[in-house]
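The values are calculated or read from the model by the stated rules, or taken from the named source; none is laboratory data. From a predicted model like this one, the values you see are computed outputs, not experimental measurements. Methodologically, a virtual Cβ is constructed for each residue, glycine included, from the backbone with ideal geometry; neighbour enumeration extends over all protein chains shown.
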Amino acid sequence: MGETRKWVTMGDVAARAGVGKITVSRALRTPSKVSPATLEKVRAAVAELGYVLDETAGALSSQRSRIVGALVSTLEDSVFASTVRGLTEGLSEGGLQLLLSATQYDPETEAALIPTILGRRPEALVLTSADHTPAARDMLNRAGIPVLELWELPDHPVHTAVGFSNRAAGAAITRHLVETGRRNIVFLKVDRTHDARGALRMAGFLNESAGLPGSQTHHVPEAPGATAPDYGAQGLREILERLPETDAVICTSDIIASGVLCEAQRMGLEVPGRLAIAGFGDFDISGDSGLALTTLKIDGYAIGRRAAELILAPGAMEPLRIDMGFTLVRRATT
């Protein structure tokens with residue numbers, strides 16, 4: 001049987017460096033309080049032994065974990081990447097680290113993850129959804145820490161919301177297409193059970209297109225293994241078969257819109273002459289050097305940085321609803 005491995009302790013580092021454990025702690029936590037020669041010896045021992053500072057001990061003594069929990073709807077595409085980057089960079093400037101997990105847009109998964117995150121005693125909890133089960137909302141209300149809901153502006157946030165109006169976003173892109181002469185507009189949405197943001201964008205579309213009898217919605221059933229471009233391609237084929245007069249398609253994301261655009265090109269449809277296409281999110285592929293897709297730009301990085309600023313602000317965080325807005329970016333597809 002092989003040798004049982006164990007964690008390297010602060011005592012091991014102290015013995016190797018020839019100093020006391022308190023000196024090692026100071027060297028790692030407040031290096032300015034240790035002489036350069038001693039600091040060098042401690043750092044050499046840490047590198048040689050592969051020591052990792054045990055943050056749990058400091059958390060017990062200081063009552064601070066220096067961790068912020070984040071439950072993100074998905075890690076499968078870039079939609080939340082800039083927000084995570086802004087949040088991570090902002091928190092690190094205040095000495096906090098991000099503990100990240102994904103809910104896959106499922107409130108039940110979120111409800112199961114919340115107690116796991118809270119068990120780490122985080123300084124705050126960040127969520128990219130405002131769709132919570134009753135049990136999850138109760139846990140969040142009782143957590144006793146700031147809870148920030150990003151990318152949405154719910155009427156009744158748990159604590160603080162930093163985002164934008166998805167309903168207003170859906171209305172804005174619809175209004176743009178109407179102003180460019182489109183009258184038979186279809187809103188394309190994937191039938192995800194818990195896609196609250198997509199439902200709000202569709203509600204904005206329906207409100208803005210109420211006077212256009214040729215405008216409708218179309219839903220593509222979610223299918224195992226299908227990708228977002230697949231949904232876009234399938235959706236366009238079904239739309240034109242059912243509604244051949246369609247002259248514009250609005251998609252709930254740029255990735256779905258990429259599938260619509262590629263399928264339109266395969267079908268020989270002139271874009272934007274015969275068919276205008278608009279997405280949502282302004283992903284990297286949507287720029288002028290990529291698909292040149294008309295879309296709504298959300299500054300996810302700014303949302304993450306603003307959330308970090310609120311978490312790091314001194315004193316108790318006041319309940320807030322902060323509208324970060326959005327920008328309509330017109331490109332070659334409209």
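Okay, here's what the table says:
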{"read-out": "Subset of the range 198-221 [touching an Asp or Glu at 6+ places or on another chain (Cβ under 7 Å) and either part of a helix (DSSP H, G or I) or crowded, with 19+ Cβ neighbours inside 10 Å (or both)]", "value": "220"}
{"read-out": "Residues that are of a type outside the set (Ser, Thr, Tyr), surrounded by 15 or more Cβ atoms within 10 Å (Cβ to Cβ) and part of a helix (DSSP H, G or I), drawn from the range 268-293", "value": "285"}
{"read-out": "All positions within the range 1-26 that are closer than 26 Å to residue 95 by Cα, of a type in the set (A, V, I, L, M, F, W, C) and modelled with pLDDT under 90", "value": "7, 8, 10"}
{"read-out": "Residue under evaluation residue 117, criteria (1) within 14 Å of the chain's Cα centre (by Cα); (2) over 20 Å from residue 313 (Cβ atoms), criterion not met", "value": "(1)"}
{"read-out": "In the range 181-197, residue surrounded by the fewest Cβ atoms within 10 Å (Cβ to Cβ) [restricted to those that are not in a strand (DSSP E or B) and not polar (S, T, N, Q)]", "value": "181"}
{"read-out": "Residue selected from the range 125-180 under the condition β-branched (Val, Ile, Thr) and assigned to a loop (DSSP other than H, G, I, E, B), by the criterion farthest from the chain's Cα centre (by Cα)", "value": "180"}
{"read-out": "Filtered residue count, the range 76-130, keeping only those that are charged (D, E, K, R), closer than 27 Å to residue 227 by Cα and surrounded by fewer than 21 Cβ atoms within 10 Å (Cβ to Cβ)", "value": "5"}
{"read-out": "Check on residue 236, of a type outside the set (Phe, Trp, Tyr), touching a residue at least 12 places away in the same chain (Cβ under 8 Å), crowded, with 19+ Cβ neighbours inside 10 Å and under 21 Å from residue 325 (Cα atoms)", "value": "no"}
{"read-out": "Pair list, Cβ under 7 Å, 6 or more apart: the range 275-287 residue without any contact (Cβ under 8 Å) to a residue 40 or more places away in the chain and in the same structural domain as residue 232 (by TED's automatic domain parsing), other residue among the acidic types (Asp, Glu) and surrounded by fewer than 23 Cβ atoms within 10 Å (Cβ to Cβ)", "value": "275/247"}
{"read-out": "Residue list for the range 66-89, restricted to those being closer than 16 Å to residue 146 by Cα and either of a type in the set (A, V, I, L, M, F, W, C) or modelled with pLDDT of 95 or more (or both)", "value": "67, 68, 69, 70, 71, 87"}
